[in-house]
Amino acid sequence: MLMTVVGIYTVYVLISIYTSVMQIGYINLVKRKTPILLSASEFLQAGNYAIAKERMSIANTFVEYILFIAWMGFGIKVLEANFYAIEDEALRNIFIVMGFIIINSLVSLPFSYYEKFILDEKFGFNKSSLTQWIKDTVISFVMTLILGSLVVWGIYEIMTNFVLWWLWSFLFIFGVIILINMLYPAFRAMFFDKLTPLQDDTLDSEIKALMDKTGFVSSGVFVSDASKRDARLNAYFGGFGKAKRVVLFDTLIEKLTTKELLAVLGHELGHFAHGDIYKNIAMVGAMLFGMFALFGNLPDSLYLEMGLAKEPYVVMILLLLFMPVLGFIMMPVMGVVSRHNEYEADKMGSELAGDAGEIELANALKKLVTQNKSFPLSHPLYIFFHYTHPPVIERLKALGVDLGYIEKSGLEGQCEVDI
């Protein structure tokens, strides 16, 4: 059984790396051909950035695989031995699981640093100082330590008191995820970004008029000082019920016209009107249910082969280790649904934006590609496994934009992008 489990993880790693290699090869071939949406220099730079990100992803995947083998072979036993002296079982479980999480977080720190201060710095995204990054990292670490410990304690209590512990644990975790989504804007404003009410009264009234058209009730429109960390453009709706907030990155307000901004927000309101938020929550819930059902019924032979007792902390660590695998398996299904929802949200966003709404949304998408240095082409296999949004070219075509001639000969035969 142990070899089967390791084999499944190995297949996941190989497919993940293969997908990234195909993406790198594809972009290397098309980045010097006829540029799309970007100037020739921007097209090349965006391609180089996408390649650098994939190379980092491959390195990260490889390190995670080595770490996985170490955990399965001896890591859990080492943690168990180090905290064996703790008499309180609940506390011992918390220390062991949080020890696992902390070690994994420390291993990922060099990648986080490299992405921020080497990769993003090189391509002009990083606006954060080392001091700011350290502060953010420490705050995230402390929050993970506190909230993670509470969650581990909750699952331990469920596992030791209920026969169908996996079902109740699923419901518990699902509830935690919903709660986090509700509180995310408040936590982010409290510890990371400074949120201020939108000062542009005209824009504020136009946004509220847009929200009224869909029945979206918000506690306000806020501006985030995201530019102190990053140059990318973004916006998000956070929270549930009357606690919902509309948060615009200051970079977005700076780069988009009012009509383009309204078209982007109209797109987001389209998600709300179509209930996409709840659909996404349902899909996440289905994935979590499957994960808990699977790991709640693993055969005892697996634990025997690992030389470990079927303790709550062992089950929790196995769940955490295999979460990326299950996410990767579910992603194609979730991606198909998500990409469909994006087309529908684009359609509604262009309608809500009024006359020439399709043009305004298309212009906004073009600016997002330019400002975020998003390479507009991807290998079909990469799209299948990773894209939650349709390729921007497909979205523009759906909005009626004539993109003219597009070079499709980047890869021969089966590697050609279907656009």
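The values are calculated or read from the model by the stated rules, or taken from the named source; none is laboratory data. Model, not experiment: these values are computed from the prediction. When we count neighbours, we look across all protein chains shown, and the Cβ atoms used for this are built from the backbone with ideal geometry, even at glycine.
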Q) Yes or no: Leu164 surrounded by 14 or more Cβ atoms within 10 Å (Cβ to Cβ), over 30 Å from Gly124 (Cβ atoms) and of a type in the set (A, V, I, L, M, F, W, C)? A) no
Q) Say we look at the range 366-419 and pick out the residues that are small (Gly, Ala, Ser) and modelled with pLDDT of 85 or more; which of these is farthest from Ala356 (Cα to Cα)? A) Ser378
Q) So how many residues does the range 64-116 have that are within 21 Å of Leu302 (Cβ to Cβ), of a type in the set (Val, Ile, Thr) and touching a residue at least 24 places away in the same chain (Cβ under 8 Å)? A) 4
Q: Being hydrophobic (A, V, I, L, M, F, W, C), part of a helix (DSSP H, G or I) and in contact (Cβ under 8 Å) with a residue 60 or more places away in the chain narrows it down to one of Leu381, Leu365, so name that one.
A: Leu381
Q: Report, by residue number, each residue of the range 206-234 that is among the hydroxyl-bearing types (Ser, Thr, Tyr) and under 17 Å from Ala263 (Cβ atoms).
A: Thr214
Q. Within the range 35-62, how many residues turn out to be among the β-branched types (Val, Ile, Thr) and exposed (fewer than 14 other Cβ atoms within 10 Å of the Cβ)?
A. 0
(Q) Within the range 128-161, take every residue that is assigned to a loop (DSSP other than H, G, I, E, B) and over 21 Å from the mean Cα position of the chain (by Cα) and give me the one that is surrounded by the fewest Cβ atoms within 10 Å (Cβ to Cβ). (A) Asn161
(Q) When you check Met190 against the structure, is it touching a Phe, Trp or Tyr at 6+ places or on another chain (Cβ under 6 Å), part of a helix (DSSP H, G or I) and at pLDDT below 90, yes or no? (A) no
**Q.** Cβ pairs under 8 Å, 6+ apart, first in the range 41-63 and aromatic (Phe, Trp, Tyr), second assigned to a helix (DSSP H, G or I)
**A.** Tyr49/Leu119; Phe62/Val13; Phe62/Ile17
